[in-house]
Amino acid sequence: MSSLPASLGEALARARGRVEQGDARILLREASGATAAQLIAFQERPLAPAAALRYMEWLDRRAKGEPVAHILGEREFYGRSFRVNAATLIPRPETELLVELALHFLGERTRPGSLLDLGTGSGAIAISVALESPATTVTACDFSPSALDVAQANAMALGAPVRFVSGSWFGPLEGERFDCIVSNPPYIAEGDPHLSTGDLRYEPLTALASGRDGLNDIRKIIAAAPRHLNPGAWLLLEHGYNQAGQVSDLLEDAGFNAIQSWRDLAGIERVSGGYL
Ligand SMILES: C[S@@+](CC[C@H](N)C(=O)[O-])C[C@H]1O[C@@H](n2cnc3c(N)ncnc32)[C@H](O)[C@@H]1O
């Protein structure tokens with residue numbers, strides 16, 4: 001076994017050519033307790049053997065492809081830390097757009113509203129809305145009991161009052177209506193080569209893939225949503241980089257109004273929605 005790195009700078013040097021420097025910095029910060037600034041300005045700072053050992057083990061796992069979020073067991077979303085594991089999608093920065101839009105439309109209302117998050121995974125969207133808009137009553141659904149366990153633990157750790165229900169899409173919500181429904185459903189086409197590359201290999205296929213064109217679940221949600229929306233309520237759906245046109249057409253066919261698509265920070269049309 002090679003010797004352990006003795007300083008912060010040496011530790012970062014060990015990652016070169018194996019792991020992206022950004023990922024190495026995150027792992028080293030977590031392993032050593034050093035700040036981002038210290039990793040830049042004080043590279044000669046000694047690294048304790050226990051921290052060096054932890055870091056080198058994490059570096060090996062990352063070099064084999066395991067996502068940083070799974071190694072650390074958490075990922076930041078909308079300014080808060082969420083527990084994640086193999087049962088949940090790792091929350092993505094682009095999904096913060098869905099939170100922004102839901103808060104915007106709920107904020108336009110004159111009275112406190114209700115929100116439903118379909119396919120909640122780690123609970124990132126539902127919990128963020130519940131904490132940012134305490135007057136909103138938040139319900140979250142998923143059909144994966146293991147994902148719901150993680151979401152419930154996140155809600156408890158972050159102090160978010162979210163009602164979790166278990167089942168497929170609107171199945172457990174018969175007769176219930178909401179003032180806003182959001183979902184980041186599976187939307188990748190089965191057989192898409194991206195499913196067998198990068199972090200996606202470590203995430204549940206049931207959170208990612210949806211039929212031959214990736215739109216099976218979006219079709220189901222749009223078809224059933226009208227029975228669960230109050231008058232004037234918005235349905236907001238995250239989708240793939242090239243699906244805005246198809247999702248907008250589906251929304252139009254289902255009778256939605258003011259259909260729009262919104263771009264994420266990378267300039268990609270990422271969320272489409274309309275109201276009834
Ligand atoms: C793309 S992930 C989104 C997770 C989380 N909302 C996020 O944005 O990080 C899709 C989620 O939908 C859930 N899901 C897939 N099919 C479902 C179904 N038929 N009914 C309910 N949830 C479903 C998966 O378990 C997964 O948690």
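FYI, it's all coordinate maths here, none of it is from the lab. Keep in mind it's a predicted model, so treat the numbers as computed, not measured. FYI the Cβ positions are ideal-geometry reconstructions off the backbone, even for glycines, and counts take in every protein chain you see.
Computed from backbone phi, the HN-Hα couplings of the stretch 85-100 come to 8, 5, 8, 10, 5, 7, x, 9, x, 5, 6, 4, 4, 5, 5, 4 Hz, rounded to whole numbers (Karplus: 6.51 cos²θ - 1.76 cosθ + 1.60, θ = phi - 60°; Gly and Pro given as x).
Taking amide hydrogens as placed 1.01 Å from N in the peptide plane, the amide H of ARG270 sits under 5 Å from those of TRP262, ARG263, ASP264, each at least 5 positions away in sequence or on another chain.
Note that the stretch 63-79 has calculated 3J(HN,Hα) couplings of 5, 7, x, 5, x, 4, 4, 6, 5, 8, x, 7, 8, 7, 8, 6, x Hz, one per residue in order, obtained from phi through the Karplus relation 6.51 cos²θ - 1.76 cosθ + 1.60 (θ = phi - 60°); glycine and proline are x.
With the cut-off at 19 Å, report for the stretch 136-276 the share of all Cα pairs above it, as a whole percent. I get 56 percent for the Cα pairs in the stretch 136-276 exceeding 19 Å.
The magnitude of the dipole of the chain, with charges of +1 and -1 set on the Cβ of Lys/Arg and Asp/Glu and taken from the Cα centre, is near 620 debye. Please give the Cα centre distance for the stretch 128-190 versus the stretch 226-247, rounded to the nearest Å. Computed from Cα coordinates, the inter-centre distance equals 16 Å. Take each peptide in 215-221, 262-268, 10-16, count the other Cβ atoms within 10 Å of every residue, and average; sorted highest first, the result is 215-221, 10-16, 262-268.
Could you work out the relative contact order of the chain, using alpha carbon pairs under 8 angstrom and six or more residues apart, expressed as a whole percent?
Relative contact order for the chain comes out at 14 percent.
Exposure proxy ranking for THR120, THR110, based on other Cβ atoms within 10 angstrom of each Cβ and starting from the fewest, stands as THR110, THR120.
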